[in-house]
Amino acid sequence: MIVAALARTYNHPSYEDPYEAVRDYNRVVEATANNPNKGSTALSTIVELPRGRIRAWVDEDGMPDAARGVMLAQRHGWVDPDGDMSVALAALAGHLLGGGSIAAKNYVPSVAAGRRVSLDELEEVFRDVGVHPTRRHEEFESRATEVLPATHGSVLGRTLAAWGCPVGGRATVETLPTIVDHAGEAGQAGFLDAYVRHRAVDYPNKATSRLHGQQPIAFHQAIADLIEQVTNEHASAGDRGVTVSAAAMRALNLAEP
């Protein structure tokens, strides 16, 4: 359940499981709506929660951070996406796994440009999921310029983590994010288009392309399987990446001229 996984990216001092804070908050909101004339003392009895825990929720319009994050993600259509939003999230997941990361400290996602992926395109990728992009490190020649959200970045990254994108690096990831299957054929193709363009290396006098990576072979096998599923052409996994046949690259519209 994406809502529960998203909530559990937060910490709450009164709850071992932050998702329980979201559920309790929702119960308090419902009780307040059903009893508009009652204050926090009476409502604490109704919902069987300590008044000190719910007072800020009732009297000060406060809410747990996890509940606020879930609400924002739902408003953006990230929790149960369909149509264009699911495809856009799958494409962003491909860019993150191919050339980006979700920061462990604050969950903000960022993606660096590549030989086949421009900064302008990455900005459009973030716009497609409903956030305004910005750039960082442009002033440093020794660092790659990255694109990241200027707004709601932490909630977006937490939601992507709930969908299975790795946090803090991608070296240990073994499976594809579940958003890829959720997004259907168009999302699978969009994910691969992004991932392959970040990772593909073409060699002179070779018809195949190589997707280099340091992840476990299970991840490379998942990528190879998805390529074969989408293109009906051959791809093979190894310890250091995936070898993609020329036919598969043509089917993905990614063959070098």
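Nothing in this text is a laboratory measurement; each read-out follows from the coordinates by a stated rule. From a predicted model like this one, the values you see are computed outputs, not experimental measurements. FYI the Cβ positions are ideal-geometry reconstructions off the backbone, even for glycines, and counts take in every protein chain you see.
For the stretch 155-257, the set of trypsin sites (Lys or Arg not before Pro) satisfying both a DSSP loop assignment and a count of at most 12 other C-beta atoms within 10 Å is given as Lys206.
Pairwise Cα separations in the stretch 182-257 fall into 5 Å bins from 0 onward with the following percentages, short to long: 3, 17, 30, 28, 16, 5, 1, 0. Karplus-derived 3J(HN,Hα) values for the stretch 24-33, using 6.51 cos²θ - 1.76 cosθ + 1.60 with θ = phi - 60°, are 5, 4, 5, 5, 5, 4, 5, 5, 5, 5 Hz; glycine and proline are entered as x. Around the Cα centre of the chain, unit charges on the Cβ atoms of Lys, Arg, Asp and Glu (plus for the first two, minus for the last two) sum to a dipole of about 480 debye. Here Rg/Rh (Cα atoms, Kirkwood Rh) was calculated from the structure, and among (1) 1.00; (2) 1.08; (3) 1.06 it sits at label (2).
Determine the shape class of the stretch 97-205: with a ≥ b ≥ c the square roots of the Cα gyration tensor eigenvalues, call it rounded for a/c under 1.5, and otherwise prolate if a/b is greater than b/c, oblate otherwise. Rounded, because the longest to shortest axis ratio a/c is under 1.5. Among the GluC sites (Glu not before Pro) in the stretch 45-146, those located in a DSSP loop and surrounded by at most 13 other Cβ atoms within 10 Å of their own Cβ are Glu48, Glu60, Glu138, Glu139, Glu141.
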